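Please read the structure below before turning to the comments.
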Amino acid sequence: MTSRRRFLQGLAAASLGPMPGWSAVGAPDFLAAALFPDGSYRLAGLTASGAVVFTLPLPGRGHAAAAHPQYAQAVAFARRPGTFALVIDCTSGSEVARLSAPPGHHFYGHGTFSTDGRLLFTTENRFEQGDGMIGVWDVGNGYARLGSFSSGGIGPHDIVLMPDGASIAIANGGIETHPDTGRTKLNLPTMRPNLTYCDLNGSVIEQVELPHRLRKNSIRHLAVRDDGLVAFAMQWQGDLSEHPPLLGLHQRGGTPVLLAAGDSDQSTLQGYAGSVAFSSNNQTVAITCPRGNSLHGFDVESGSFKAAYALEDVCGLGAGPDGLVYTTGTGQVGRLSETRTERMALSECQWDNHLVPVQTGI
Amino acid sequence: MRKLVLLAALALPLTAFAQDREPILLDIAQSHILPSYARLADTAQVLSETAKADCAPNSDALRAAYADAFDSWISVSHMRFGPSEVDDRAFSLAFWPDTKGFTPRALSRLIDDNDNAVQTAAEFAETSVAGRGFFALEQMLYDPAFADQGSAEYRCDLIRAIAADIAANATAIDTDWQTYAQSLTRTGENSRYRNDDEAMQEMFKALSTGLEFTADTRLGRPLGSFERPRPKRAEARRSARSLRHVELSLIALQDLALRLSADHPDVTEDFQAAFDRAIQRAQSLGDPNFAGVSTPEGRFRVEALQQTVSDIRRIANTQLGPALGIGAGFNSLDGD
């Protein structure tokens, strides 16, 4: 693998030449997809202060994107069960490559790059078997498919690179779907979500499951802190008369810690968290809950609930220079400081799902 | 027409916009949910008693009792919240779809091990949900694979155990609904629903997910893709009940939709017509287990039925939802 990669690196350097980095497109802090008033879906580069530095057309409603760590390239995934993803040159909007899921696979809508930007990992469903898979793509070779390995569970959704650069964390949501039946959940009575850590070759390092009574809590989205603490956001598939925690923290080798607000706040969330992020000072972790129109903040150290903020259709969430940045389906870009939320910008568009961090510092 | 409504609305004080949900919630509880779960409990009890009297898989009496009880379940299976979800009761009644073949495996395991759990209701209730309920019983009654596996005596005990377990779960749901029904109309801070809007939303969700399940799963699974139709994935195909389930679910969902839209006659009218069309199409399809999806003509007919269900879904989402003031945002609807 190493020699092959070294070879490919040379190839990339030779054929592609110097590629523009993120500073060439206004140094966005995040990528986010949105629906615009003319009915078009676009991928936007957003700064942490809410400025839109570019927008590029997408062929349809996307889910998340992945930002290349060096080049100004974004991988935009179609909503699941999409079978393609576009690699977009954010300087021009042109399509650099088109990723097609291999026959029998579809994408789940999330992906992550290796630290050196040579490999892209994508969460996929091998749907006839109902197995979760991670696709591996060769960036330097025009995003050619290198292969795939098991995600360690069913229904992998979000995937993040761990700070060691040598492992990835995968949120196996546990829910089996098949493209023939749309988004119908086929295995709720037997679902068993997990959080899987594996190395970049797919060897499982550690797997975490929640207690049996929480096995209908689908582990969906992830954030990771510099020290490797993973935050996972969940979506409850059991009866909504129960209000289980929708956020968990896990450090490799440890036991997961679940975080929830008091029942009067927790019960308003409809069992659904959309995104999760750590604040820039690493002391706060938050989830967005679009069905409860609420953002919940927690103290990482103590795990205690700090506050709920009422925000209509809030979903995108990321670390900002001062606390957290959020987006809403009503067009808001806002920030959460220690004590309050503040609207920074209001766009004409409806911000979708997630804020994907762009590493501009490299 | 729309302008007239708007003018009339302008003449009313603002508070008039808050809809009084209670009569509709009461009506749905009293006339839609409670009688349906009572019928399920009764027919399931008959099924269990019939199995006690005659456990032969091809017994006409047993198969008829099975059909009655299963009909009752399909007619209420869209009411998936509260009592049906306690202890996985609904999943224990109906483990389907079974994408990984858990049901035949669970049954084979019980039979091969001569598992004593079949002798005690409490112990049987602890076994895998995949080996219990209507779909497990269907395989015991209709699948040749289980006609001669293990001893006849054990198979008989297993059939009786499944039937008794169905009756116990149906009775438990029915009993719990007697008190749960009040939570639909007595909403408040300490109740299951904090206000009538939330209770109404639960009813609306039952309608929309019920329609989705019939369109995407009951019809979508056997349809598969054009290149690869999947007739063997039809629901309850062994007992040739697949199409019947579509029809029964539509009839039950129509009843719910008409009650939900009672304050909006134009929506009621559209529902009435769309459901009538879909039910009529189901009744004239003549392909009980969707075996026809393998042929282009047969597939076309099932797709056409699926389309009529999609038409109903559109009315629910674009007319009933807004009329009831049940909206959902861009992200909260996405579900990803």
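The values are calculated or read from the model by the stated rules, or taken from the named source; none is laboratory data. All values derive from a computational prediction rather than experimental measurement. No Cβ is skipped: glycine too gets one built from the backbone with ideal geometry, and neighbour counts run over all protein chains shown. Please note that ligands, DNA and RNA were not included when accessible areas were found on the heavy atoms of the full protein model with its side chains. Shrake-Rupley method; radii C 1.70, N 1.55, O 1.52, S 1.80 Å.
Would you point out which residue out of A:F121, A:F54 is surrounded by fewer than 22 Cβ atoms within 10 Å (Cβ to Cβ) and part of a strand (DSSP E or B)? Steps first, answer last, please.
Numbers: A:F121 fails: surrounded by fewer than 22 Cβ atoms within 10 Å (Cβ to Cβ).
The unique qualifying residue is A:F54.
Do we find a residue being of a type in the set (V, I, T) and assigned to a strand (DSSP E or B) anywhere in region A:233-255?
Taking region A:233-255 first, the residues of a type in the set (V, I, T) are A:255.
In the following step, the residues that additionally are assigned to a strand (DSSP E or B) were identified as none.
No, that holds for no residue.
Quick check on this structure: which one of A:A74, A:A64 is within 14 Å of another protein chain (Cβ to nearest Cβ) and not in a loop (DSSP other than H, G, I, E, B)?
On the way: A:A74 fails: within 14 Å of another protein chain (Cβ to nearest Cβ).
It is A:A64.
Being within 12 Å of chain A (Cβ to nearest Cβ) and under 27 Å from B:D98 (Cβ atoms) is the requirement here; does B:F124 meet it? Working first, answer last.
Details: within 12 Å of chain A (Cβ to nearest Cβ): no; under 27 Å from B:D98 (Cβ atoms): yes.
Answer is no for this residue.
Is it the case that A:A32 is in contact (Cβ under 8 Å) with a residue 24 or more places away in the chain and within 14 Å of another protein chain (Cβ to nearest Cβ)?
Considered against the rule, which asks whether it is in contact (Cβ under 8 Å) with a residue 24 or more places away in the chain and within 14 Å of another protein chain (Cβ to nearest Cβ), A:A32 comes out as yes.
Scan region A:353-361 and tell me whether some residue there is within 14 Å of chain B (Cβ to nearest Cβ), closer than 29 Å to A:G39 by Cα and not hydrophobic (A, V, I, L, M, F, W, C).
Yes; the residues of region A:353-361 include at least one that is within 14 Å of chain B (Cβ to nearest Cβ), closer than 29 Å to A:G39 by Cα and not hydrophobic (A, V, I, L, M, F, W, C).
Kindly indicate whether B:T103 is open to solvent by 40 Å² or more (accessible area, probe 1.4 Å) and either within 14 Å of chain A (Cβ to nearest Cβ) or in a helix (DSSP H, G or I) (or both).
Numbers: open to solvent by 40 Å² or more (accessible area, probe 1.4 Å): no; either within 14 Å of chain A (Cβ to nearest Cβ) or in a helix (DSSP H, G or I) (or both): yes.
Judged against the criteria, B:T103 is not a match.
Find the residue count for region B:144-155, including only residues that are in a loop (DSSP other than H, G, I, E, B) and touching a Leu at 6+ places or on another chain (Cβ under 9 Å). First the steps, then the outcome.
Applying the first criterion (in a loop (DSSP other than H, G, I, E, B)) to region B:144-155 yields B:147-151.
From what is left, the residues that are touching a Leu at 6+ places or on another chain (Cβ under 9 Å) are B:149-150.
Residues in region B:144-155 being in a loop (DSSP other than H, G, I, E, B) and touching a Leu at 6+ places or on another chain (Cβ under 9 Å): 2 in total.
Please verify whether B:R299 is in contact with a Leu (Cβ under 8 Å, 6 or more places away or on another chain) and more than 21 Å from B:I33 (Cβ to Cβ), treating the condition exactly as stated.
Working: in contact with a Leu (Cβ under 8 Å, 6 or more places away or on another chain): yes; more than 21 Å from B:I33 (Cβ to Cβ): yes.
Criteria met by B:R299.
Would you pick out the residues in region B:287-336 that are within 14 Å of chain A (Cβ to nearest Cβ), farther than 16 Å from B:A215 by Cβ and open to solvent by 40 Å² or more (accessible area, probe 1.4 Å)?
B:G327, B:A328, B:L333 - these are the residues of region B:287-336 that are within 14 Å of chain A (Cβ to nearest Cβ), farther than 16 Å from B:A215 by Cβ and open to solvent by 40 Å² or more (accessible area, probe 1.4 Å).
In region A:296-362, which strands (runs of 3 or more DSSP E) lie fully inside it and hold 3 or more residues that are within 18 Å of A:A44 (Cα to Cα) and open to solvent by less than 50 Å² (accessible area, probe 1.4 Å)?
Working: elements: A:305-310, A:314-319, A:324-328, A:332-336, A:341-346.
In region A:296-362, the matching strands (runs of 3 or more DSSP E) lie at A:314-319, A:324-328, A:332-336.
Looking at (1) within 13 Å of A:D29 (Cβ to Cβ); (2) small (G, A, S); (3) modelled with pLDDT of 95 or more, can you tell me which one A:G320 breaks?
(3)
With respect to A:G132, is the statement that it is within 19 Å of A:P193 (Cβ to Cβ) and open to solvent by less than 10 Å² (accessible area, probe 1.4 Å) true? Please lay out each step first, then the result.
Values: within 19 Å of A:P193 (Cβ to Cβ): yes; open to solvent by less than 10 Å² (accessible area, probe 1.4 Å): yes.
Spelling it out, A:G132 is indeed within 19 Å of A:P193 (Cβ to Cβ) and open to solvent by less than 10 Å² (accessible area, probe 1.4 Å).
Can you work out which of the residues in region B:222-236 that are small (G, A, S) and in contact with a Ser or Thr (Cβ under 7 Å, 6 or more places away or on another chain) is farthest from the other protein chains (Cβ to nearest Cβ)? Give the steps one after another, and end with the answer.
Taking region B:222-236 first, the residues small (G, A, S) are B:224-225, B:234, B:236.
Right, trim to in contact with a Ser or Thr (Cβ under 7 Å, 6 or more places away or on another chain) and you get B:234, B:236.
Numbers: B:A234: 12, B:A236: 16 Å.
Among them, the one singled out is B:A236.
Just need a number here: residues in region A:176-199 that are open to solvent by less than 30 Å² (accessible area, probe 1.4 Å) and away from chain B (no Cβ under 11 Å).
The qualifying residues number 6.
Do you know which residues across region A:163-188 are in a helix (DSSP H, G or I) and either within 18 Å of B:R230 (Cα to Cα) or out of contact with any Phe, Trp or Tyr (no Cβ under 9 Å at 6 or more places or on another chain) (or both)?
Here is the first cut: in region A:163-188, the ones in a helix (DSSP H, G or I) are A:179-181, A:188.
Residues satisfying the conditions are A:P179, A:D180, A:T181.
Within region B:18-90, considering only helices (runs of 4 or more DSSP H) that don't extend past its boundaries, which have at least 1 residues that are crowded, with 19+ Cβ neighbours inside 10 Å and of a type in the set (S, T, Y)?
On the way: elements: B:22-27, B:34-53, B:60-74.
Where helices (runs of 4 or more DSSP H) fall fully within region B:18-90 and carry at least 1 residues being crowded, with 19+ Cβ neighbours inside 10 Å and of a type in the set (S, T, Y), they are B:34-53, B:60-74.
Would you check if B:S239 is closer than 30 Å to B:A64 by Cα, of a type in the set (G, A, S) and at pLDDT 95 or above?
Values: closer than 30 Å to B:A64 by Cα: yes; of a type in the set (G, A, S): yes; at pLDDT 95 or above: yes.
In short, yes.
Considering A:F84, A:F77, A:F113, which residue is surrounded by fewer than 21 Cβ atoms within 10 Å (Cβ to Cβ) and either touching a residue at least 12 places away in the same chain (Cβ under 8 Å) or among the polar types (S, T, N, Q) (or both)? Spell out how you get there, then give the answer.
Details: A:F77 fails: surrounded by fewer than 21 Cβ atoms within 10 Å (Cβ to Cβ); A:F113 fails: surrounded by fewer than 21 Cβ atoms within 10 Å (Cβ to Cβ).
After ruling out the rest, the residue left standing is A:F84.
Can you find, within region B:113-141, the residue that is farthest from B:R89 (Cα to Cα) among those that are assigned to a helix (DSSP H, G or I) and open to solvent by 60 Å² or more (accessible area, probe 1.4 Å)?
Initially, region B:113-141 is screened for residues assigned to a helix (DSSP H, G or I), giving B:116-119, B:121-124, B:129-131, B:133-141.
In the following step, the residues that additionally are open to solvent by 60 Å² or more (accessible area, probe 1.4 Å) were identified as B:116, B:119, B:121-123.
Details: B:N116: 22, B:Q119: 20, B:A121: 14, B:A122: 14, B:E123: 15 Å.
My answer is B:N116.
For (1) assigned by TED's automatic domain parsing to the domain that holds B:M79; (2) under 14 Å from the mean Cα position of the chain (by Cα); (3) surrounded by fewer than 24 Cβ atoms within 10 Å (Cβ to Cβ), each residue gets a yes or a no:
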| residue | (1), (2), (3) |
| --- | --- |
| B:E202 | no, no, yes |
| B:E212 | no, yes, yes |
| B:R218 | no, yes, no |
| B:S225 | no, no, yes |
| B:A240 | no, no, yes |
| B:L248 | no, yes, yes |
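Residue-by-condition table, conditions (1) within 14 Å of another protein chain (Cβ to nearest Cβ); (2) in contact (Cβ under 8 Å) with a residue 24 or more places away in the chain; (3) among the basic types (K, R); (4) closer than 18 Å to A:M162 by Cβ:
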| position | (1), (2), (3), (4) |
| --- | --- |
| A:I219 | yes, yes, no, yes |
| A:D227 | no, yes, no, yes |
| A:M234 | yes, yes, no, no |
| A:S241 | yes, no, no, no |
| A:P244 | yes, yes, no, no |
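For region B:157-200, how many residues meet the condition of being in a loop (DSSP other than H, G, I, E, B) and either within 19 Å of the chain's Cα centre (by Cα) or among the basic types (K, R) (or both)?
Our first condition is that a residue be in a loop (DSSP other than H, G, I, E, B); within region B:157-200, this holds for B:186-195.
Those left that are additionally either within 19 Å of the chain's Cα centre (by Cα) or among the basic types (K, R) (or both): B:186, B:192, B:194.
Residues meeting the conditions: 3.
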